[in-house]
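The values are calculated or read from the model by the stated rules, or taken from the named source; none is laboratory data. Quick caveat, the model's predicted, so the values are computed rather than measured. Heads up, the Cβs are rebuilt from the backbone with ideal geometry, glycines too, and the neighbour counts pull from every protein chain shown. Surface accessibility is based on the protein's heavy atoms, side chains included, excluding ligands, DNA and RNA. Shrake-Rupley method; radii C 1.70, N 1.55, O 1.52, S 1.80 Å.
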Amino acid sequence: MRTEMQKSEQMIIFGGTGDLAKRKLLPALFMSHCDGNVNPEFSIVGVGRENLDDASYRTMIDKTVRQFLPADFDQKKWTTFLTLLFYKVINATEASDFTRLSTEKKTARVFYLATSPHLFIPICQNLALAGLNKPDSRVVLEKPLGHDLASARTINREVAQFFAEHQIFRIDHYLGKETVQNLMALRFGNVIFEPLWRAPYIRNVQITVAEEVGVGSRGEFYDGVGALRDMVQNHLLQLLCLVAMEPPTSMSPDALRDEKLRVLRALQPYTDETLSQMVIRGQYTNGIETATGQVAPAYLQEKGVPADSQIETYVAMQVAINSWRWAGVPFFLRTGKRLPTRTSEIVVNFTPVPHSMFSGNHSNQFNRLVIRLQPEETVHLHLMAKQPGEGMTLRPVSLNLDFHEAFTTRHADAYERLLLDVIAGRLTLFMRHDELEAAWQWIDPIQIAWRNQKIPPRTYAAGSWGPAAASAMVAKANAEWSEAL
Ligand code: BG6
């Protein structure tokens with residue numbers, strides 16, 4: 001797939017020596033280069049404050065990025081790719097430095113802001129002062145997009161002074177995951193789900209993004225953010241929107257984003273009472289890491305984390321959506337670090353049949369649709385079937401779809417897909433300004449309540465499924481987390 005790239009395209013990465021550039025952006029661009037999806041004249045300029053030149057930048061990238069490439073990567077293509085990299089020393093808040101980005105060539109440019117959000121405004125301002133915000137330029141804003149509603153609004157308002165909304169790409173890499181897009185294909189490309197995709201046929205929906213790793217070397221950054229802002233405000237709410245939204249009329253950016261916005265605006269805010277019962281925050285203590293069997297340190301012992309930190313590494317919440325479709329259907333969301341396994345999945349639990357004519361333990365089981373985003377990309381539909389043999393005893397069986405078996409072509413990483421979309425100017429999988437603000441509007445009161453009421457996180461042992469209160473919360477709604485089913 002060759003994109004609609006113009007001649008002489010360039011991506012300028014602010015934060016060019018940073019973790020995201022090394023782990024995700026450069027490997028993604030390299031894979032697109034290998035597949036012939038980017039113009040041969042494409043170039044990448046890493047921008048940072050470190051005193052490097054093109055040659056030393058290439059050497060540094062060569063050394064640090066290889067570990068993030070597929071084991072069988074093409075060495076010859078990698079060597080060619082390195083020649084497409086350039087480096088500029090720029091202080092983001094120093095307007096005069098930006099003249100170093102001026103170019104004689106007719107170049108359509110993407111500015112990728114993989115920096116802290118407090119630099120978004122000065123960078124856009126300085127790009128404009130240097131005359132670099134051309135009509136065909138695009139700017140990509142990496143999360144976190146602010147830390148609350150007010151800061152997100154300021155970013156939106158200020159960036160809009162220099163770039164039009166169609167030039168602004170607010171990235172949430174979860175939307176670039178193949179299975180996330182397959183969720184839309186499943187819902188809107190098939191007739192069988194839609195009639196049942198509502199109350200009273202759905203009993204509850206569970207969205208889990210579990211990570212086995214701890215905060216690792218990101219302790220200092222993470223402690224200023226926490227799980228609610230790092231994962232729920234963006235990734236989990238985006239998944240929730242795709243599950244809950246009404247069918248959009250097309251895949252055009254606004255058709256999809258209008259529907260997601262309607263979901264965000266229909267989220268029921270919490271009262272002080274419901275907050276304490278329906279939002280559980282946790283922080284890991286030391287415990288046994290599943291993969292290695294070794295003792296994993298507590299969050300408070302991680303590098304860069306203050307010994308008295310009250311930041312949450314886990315959130316579980318029961319969410320209500322105020323609409324006809326979802327009245328009375330709880331959505332259970334949870335995410336955490338140092339859980340037993342790395343898994344992201346959406347589980348749709350249907351209601352049991354209204355009257356069971358069969359006897360036995362499983363007669364009243366319900367259908368379940370499990371969409372697994374990672375590590376495997378699968379869809380399982382759990383149905384009831386008759387157990388072979390005498391009598392009429394039912395057992396749950398599952399129809400399984402494995403995307404890697406069904407489609408043997410290489411599955412692109414989320415960033416790869418999204419970067420190609422940016423280059424081609426496709427906005428559908430990026431967030432609009434009002435969507436971002438609606439998400440913060442719902443999240444803000446939770447953060448404020450935690451702060452004001454000084455609600456400390458509950459503890460959970462590393463390697464466990466989170467605080468016991470999270471299981472009690474779903475039990476109260478007559479449900480169980482999917483791993484217990
Ligand atoms: C990032 C968060 O947005 O998503 C990280 O900042 C988290 O804390 C990561 O680890 C998870 O992404 P993925 O694609 O590995 O599930």
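Cβ-Cβ under 6 Å, sequence separation 6+ or interchain: first residue in the range 208-226 and among the hydroxyl-bearing types (S, T, Y), partner within 9 Å of the ligand (Cβ to nearest atom). Which pairs? Matching pairs, first to second residue: Y222/V215. When you scan the range 400-413, how many residues do you find that are more than 24 Å from L381 (Cβ to Cβ) and within 16 Å of the ligand (Cβ to nearest atom)? The number of residues fulfilling the criteria is 2. Of P354, P375, all but one fail to be on the phi < 0 side of the Ramachandran plot, within 16 Å of the ligand (Cβ to nearest atom), of a type outside the set (K, R) and open to solvent by 60 Å² or more (accessible area, probe 1.4 Å); the exception is P375. Across the range 427-462, which residue is nearest to I155 (Cα to Cα) among those that are in a loop (DSSP other than H, G, I, E, B) and modelled with pLDDT of 95 or more? Ranking the qualifying residues of the range 427-462, first place goes to R432. Selection of the range 168-212 for residues being open to solvent by less than 40 Å² (accessible area, probe 1.4 Å) and in a loop (DSSP other than H, G, I, E, B) yields I171, D172, K177, F193, W197, A199. In this structure, is S116 at pLDDT below 95, loosely packed, with under 15 Cβ neighbours inside 10 Å and either hydrophobic (A, V, I, L, M, F, W, C) or within 16 Å of the ligand (Cβ to nearest atom) (or both)? Answer is yes for this residue. Residues in the range 457-472 that are aliphatic (A, V, I, L, M) and open to solvent by 10 Å² or more (accessible area, probe 1.4 Å): 4 in all. Evaluated against (1) modelled with pLDDT under 90; (2) within 22 Å of the chain's Cα centre (by Cα), W465 falls short on exactly one condition, (1).
For the range 19-61, how many residues meet the condition of being in a loop (DSSP other than H, G, I, E, B) and either within 18 Å of T107 (Cα to Cα) or under 25 Å from the mean Cα position of the chain (by Cα) (or both)? The total comes to 7. Just one of (1) away from the ligand (no atom under 16 Å from the Cβ); (2) hydroxyl-bearing (S, T, Y); (3) within 17 Å of L267 (Cβ to Cβ) fails for T292. It is (3). Residue pairs whose Cβ atoms lie under 7 Å apart, separated by 6 or more positions or on different chains, with the first residue in the range 414-428 and farther than 16 Å from V180 by Cα and more than 16 Å from the ligand (Cβ to nearest atom) and the second open to solvent by 10 Å² or more (accessible area, probe 1.4 Å) and of a type in the set (S, T, Y), are L420/T3; I423/T3; A424/T3. Go through the range 220-233 and count every residue that is more than 9 Å from the ligand (Cβ to nearest atom) and at pLDDT 95 or above. Counting residues in the range 220-233 that are more than 9 Å from the ligand (Cβ to nearest atom) and at pLDDT 95 or above gives 6.
Tell me, please, whether a residue that is of a type in the set (G, A, S) and either under 30 Å from A439 (Cβ atoms) or within 16 Å of the ligand (Cβ to nearest atom) (or both) can be found in the range 54-61. Within the range 54-61, not a single residue is of a type in the set (G, A, S) and either under 30 Å from A439 (Cβ atoms) or within 16 Å of the ligand (Cβ to nearest atom) (or both). Residues that are outside any loop (DSSP other than H, G, I, E, B), at pLDDT 90 or above and of a type outside the set (F, W, Y) are absent from the range 387-396 altogether. The sole residue among E9, E41 that is surrounded by fewer than 19 Cβ atoms within 10 Å (Cβ to Cβ) and in contact with a strand residue (DSSP E or B) (Cβ under 8 Å, 6 or more places away or on another chain) is E41. Here the condition is being closer than 25 Å to I280 by Cα, within 11 Å of the ligand (Cβ to nearest atom) and of a type in the set (V, I, T); of V243, V209, V180, it holds for V209 alone.
Would it be correct to say that F331 is open to solvent by less than 10 Å² (accessible area, probe 1.4 Å), of a type outside the set (G, A, S) and more than 13 Å from the ligand (Cβ to nearest atom)? Answer is yes for this residue.
Can you confirm whether P135 is part of a helix (DSSP H, G or I) and more than 23 Å from Q283 (Cα to Cα)?
No.
Taken residue by residue, the range 93-113 has at least one member that is out of contact with any helix residue (DSSP H, G or I) (no Cβ under 8 Å at 6 or more places or on another chain) and at pLDDT 95 or above. Within the range 267-291, the set of residues being in contact (Cβ under 8 Å) with a residue 12 or more places away in the chain, more than 21 Å from R342 (Cβ to Cβ) and surrounded by fewer than 16 Cβ atoms within 10 Å (Cβ to Cβ) comprises Q268, P269, D272, S276, Q277. Any residue that is at pLDDT 95 or above, assigned to a helix (DSSP H, G or I), of a type in the set (A, V, I, L, M, F, W, C) and more than 21 Å from Y460 (Cα to Cα) - is there at least one of those in the range 248-259? Yes: the range 248-259 contains one or more residues that are at pLDDT 95 or above, assigned to a helix (DSSP H, G or I), of a type in the set (A, V, I, L, M, F, W, C) and more than 21 Å from Y460 (Cα to Cα).
What about T103, is it at negative phi, in contact (Cβ under 8 Å) with a residue 60 or more places away in the chain, in a loop (DSSP other than H, G, I, E, B) and within 16 Å of the ligand (Cβ to nearest atom)? Before the answer, list the steps.
On the way: at negative phi: yes; in contact (Cβ under 8 Å) with a residue 60 or more places away in the chain: yes; in a loop (DSSP other than H, G, I, E, B): yes; within 16 Å of the ligand (Cβ to nearest atom): no.
Criteria not met by T103.
Entry remark, the range 125-148: residues being closer than 20 Å to L420 by Cα and within 16 Å of the ligand (Cβ to nearest atom) number 4 in total. Restrict the check to the range 363-383 and report whether at least one residue is assigned to a loop (DSSP other than H, G, I, E, B) and small (G, A, S). Among the residues of the range 363-383, at least one is assigned to a loop (DSSP other than H, G, I, E, B) and small (G, A, S), which makes the answer yes.
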